[in-house]
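What follows is calculated from the coordinates using simple rules that are stated; it is not laboratory data. Because the structure is predicted, anything quoted here is derived from the model rather than measured. Positions of Cβ are backbone-derived with ideal geometry, glycine not excepted, and every protein chain shown enters the neighbour counts.
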Amino acid sequence: MVETQTAVFPPIRKTQVTILQFNIGRLCNQACQHCHVDSSPKKSGAEDNAPPALIDEVLDFLRSNPKVGTIDITGGAPELNEGFRRLVEGARALGRKVLVRHNITVQFEPGMADLPEFFKQNQVELFCSLPCYSAENVDKQRGRGVFELSIQGLKNLNAVGFGMKGSGLDLHLVYNPIGANLPPAQEELEPTYHAELDQQFGIQFNNLLTITNQPIHRFRDWLLRSKNYETYMDLLRENYNPSTLAAVMCRNALSLRWDGRLFDCDFNLVKDLAMVGPEGQELSLSDLDLMDNLAIQVDDHCFACTAGAGSSCGGALVV
Ligand code: SF4
Ligand code: SF4
């Protein structure tokens, strides 16, 4: 898999935008060690979470742009935003595919017990983080007690049909490495996850997606503190795989932040690297017609998307 090394990330351009990823806010019931968004229960203020007017704007955008067929809702724990359910129902009413990045444990927050049923009613596709099938490793990365709650939450999702054969309700699990390593091969790890979760807990799911940790924000702080930053960046560069470039998620997606600003991806969103148009002007949702073939804002962190088999919100890019 190791290909040519390169010091500077190559220029890439947008294709047709078909996915709107909406980071609805940084409020989360967890505060994971690797979180690139710096989410936590403390991020409850208006400056960190989308207001109702932005939900309306997103629904208007979907209504007038039928080629954007998918909305991918993330956070934080997006379910904690009071506009979340209105957004999901509105997008489904417009015929859009709705993906939700669901951290599982949010089901146990007040007023959230009916989430599995809500997801089922709206035929949402779920992407749930579970960085290991052992309690020790999950609790180390995501906080004490998270594994036990995650297992119970996954059982709740299975009980309404998510991840079960023939149900049409997709439940994907997301793996990210613990420490300064690349993820193992997705196709090799997936059977182990299926076997362990089935044998230990009777849990079913569809696919396992492997994601490379981005060297930004909380994970970057950890790399610096543990003196692993340079080694990790070298690892990403040494494993640069140009065949992943065609599939990096910024090519056909937009990432909208809770404050209404627009980015090429969720990582640029965190780095404040906004999308700019041909004249150098910052772009907004109303500028979709300027985005075809637009230069993407790239930087060193992009090497996390192109190392080894590549990485995106949908897992490995070349398998
Ligand atoms: S659950 Fe997700 S959004 Fe929340 S702190 Fe963990 S990684 Fe960040
Ligand atoms: S970090 Fe974002 S902009 Fe860079 S390659 Fe990955 S998806 Fe594209």
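Consider V298 carefully, then state whether it is within 15 Å of ligand 2 (Cβ to nearest atom) and free of Cβ contacts under 8 Å to residues at least 40 places away in the same chain. If you could, list the steps in order and put the result at the bottom.
Details: within 15 Å of ligand 2 (Cβ to nearest atom): yes; free of Cβ contacts under 8 Å to residues at least 40 places away in the same chain: no.
Spelling it out, it is not the case that V298 is within 15 Å of ligand 2 (Cβ to nearest atom) and free of Cβ contacts under 8 Å to residues at least 40 places away in the same chain.
Scan segment 129-155 residue by residue and report those that are crowded, with 17+ Cβ neighbours inside 10 Å and either over 18 Å from E109 (Cα atoms) or of a type in the set (S, T, N, Q) (or both). Please lay out each step first, then the result.
To start, the set of residues in segment 129-155 that are crowded, with 17+ Cβ neighbours inside 10 Å comprises 129-133, 138, 140-142, 146-147, 149-151, 153-154.
Those that are crowded, with 17+ Cβ neighbours inside 10 Å and either over 18 Å from E109 (Cα atoms) or of a type in the set (S, T, N, Q) (or both): S129, L130, P131, C132, Y133, V138, K140, Q141, S150.
Evaluate segment 232-252: report whether one residue or more is closer than 30 Å to N158 by Cα, surrounded by fewer than 23 Cβ atoms within 10 Å (Cβ to Cβ) and not hydroxyl-bearing (S, T, Y).
In the first step, residues of segment 232-252 are kept if they are closer than 30 Å to N158 by Cα; the result is 249.
Adding the requirement that they be surrounded by fewer than 23 Cβ atoms within 10 Å (Cβ to Cβ) leaves 249.
After this cut, where a residue has to be not hydroxyl-bearing (S, T, Y) as well, the list is 249.
There is at least one residue in segment 232-252 that is closer than 30 Å to N158 by Cα, surrounded by fewer than 23 Cβ atoms within 10 Å (Cβ to Cβ) and not hydroxyl-bearing (S, T, Y).
Within segment 210-319, considering only helices (runs of 4 or more DSSP H) that don't extend past its boundaries, which have at least 1 residues that are out of contact with any Lys or Arg (no Cβ under 9 Å at 6 or more places or on another chain) and within 16 Å of ligand 1 (Cβ to nearest atom)? Explain how you work it out, then say what you get.
On the way: elements: 217-225, 229-238, 266-271, 303-306.
Those helices (runs of 4 or more DSSP H) span 217-225, 266-271, 303-306.
If you scan segment 200-216, which residues turn out to be surrounded by 21 or more Cβ atoms within 10 Å (Cβ to Cβ) and over 19 Å from the mean Cα position of the chain (by Cα)?
I203
Anything in segment 158-199 that is within 21 Å of the chain's Cα centre (by Cα) and over 18 Å from C132 (Cα atoms)? List them, or say none.
Of everything in segment 158-199, those that are within 21 Å of the chain's Cα centre (by Cα) and over 18 Å from C132 (Cα atoms) turn out to be F162, L169, D170.
Please verify whether segment 126-137 includes one or more residues that are in contact with a Phe, Trp or Tyr (Cβ under 8 Å, 6 or more places away or on another chain), small (G, A, S) and in a helix (DSSP H, G or I).
Scanning segment 126-137 turns up at least one residue that is in contact with a Phe, Trp or Tyr (Cβ under 8 Å, 6 or more places away or on another chain), small (G, A, S) and in a helix (DSSP H, G or I).
If we scan segment 151-172, do we find a residue that is among the hydroxyl-bearing types (S, T, Y) and part of a strand (DSSP E or B)? Steps first, please.
Filtering segment 151-172 for residues among the hydroxyl-bearing types (S, T, Y) gives 167.
Restricting the remaining residues to those that are part of a strand (DSSP E or B) gives none.
Within segment 151-172 (the criterion being among the hydroxyl-bearing types (S, T, Y) and part of a strand (DSSP E or B)), the answer is no, since none of the residues qualifies.
Out of N181, N213, N158, N206, I need the residue that is in contact with a His (Cβ under 8 Å, 6 or more places away or on another chain) and without any contact (Cβ under 8 Å) to a residue 60 or more places away in the chain. Which one? Explain how you work it out, then say what you get.
On the way: N181 fails: in contact with a His (Cβ under 8 Å, 6 or more places away or on another chain); N213 fails: without any contact (Cβ under 8 Å) to a residue 60 or more places away in the chain; N158 fails: in contact with a His (Cβ under 8 Å, 6 or more places away or on another chain).
Only one candidate passes the filter, namely N206.
Consider only pairs whose beta carbons are under 7 Å apart and that are at least six residues apart or on different chains; among these, list those whose first residue lies in segment 258-274 and is under 11 Å from C302 (Cα atoms) and whose second residue is more than 16 Å from ligand 1 (Cβ to nearest atom) and not in a helix (DSSP H, G or I).
Note: pairs meeting the criteria are C265/A253; N268/Q297.
Among S243, S286, S312, S226, which is the only one that is under 18 Å from the mean Cα position of the chain (by Cα) and of a type outside the set (A, V, I, L, M)?
On the way: S243 fails: under 18 Å from the mean Cα position of the chain (by Cα); S286 fails: under 18 Å from the mean Cα position of the chain (by Cα); S226 fails: under 18 Å from the mean Cα position of the chain (by Cα).
Only one candidate qualifies: S312.
K227 versus (1) closer than 23 Å to H34 by Cα; (2) among the basic types (K, R); (3) in contact (Cβ under 8 Å) with a residue 12 or more places away in the chain; (4) out of contact with any helix residue (DSSP H, G or I) (no Cβ under 8 Å at 6 or more places or on another chain): which is the lone unmet condition?
Against the list (1) closer than 23 Å to H34 by Cα; (2) among the basic types (K, R); (3) in contact (Cβ under 8 Å) with a residue 12 or more places away in the chain; (4) out of contact with any helix residue (DSSP H, G or I) (no Cβ under 8 Å at 6 or more places or on another chain), K227 comes up short only on (3).
Restricting attention to segment 184-201, does a residue exist that is of a type in the set (A, V, I, L, M, F, W, C), without any contact (Cβ under 8 Å) to a residue 12 or more places away in the chain and over 30 Å from L224 (Cα atoms)? Break it down stepwise before answering.
Applying the first criterion (of a type in the set (A, V, I, L, M, F, W, C)) to segment 184-201 yields 185, 189, 195, 197, 201.
If we keep only those that are without any contact (Cβ under 8 Å) to a residue 12 or more places away in the chain as well, we get 195.
This time we only want the ones that are over 30 Å from L224 (Cα atoms), so: 195.
Among the residues of segment 184-201, at least one is of a type in the set (A, V, I, L, M, F, W, C), without any contact (Cβ under 8 Å) to a residue 12 or more places away in the chain and over 30 Å from L224 (Cα atoms), which makes the answer yes.
Considering only residues that are within 26 Å of F303 (Cβ to Cβ) and not small (G, A, S), look in segment 183-192 and name the one that is surrounded by the fewest Cβ atoms within 10 Å (Cβ to Cβ).
The initial filter retains those residues of segment 183-192 that are within 26 Å of F303 (Cβ to Cβ), namely 183-190.
Checking the rest, the ones that are also not small (G, A, S) come to 183-184, 186-190.
On the way: P183: 21, P184: 14, Q186: 20, E187: 12, E188: 10, L189: 16, E190: 20.
Looking at the filtered set, the residue picked out is E188.
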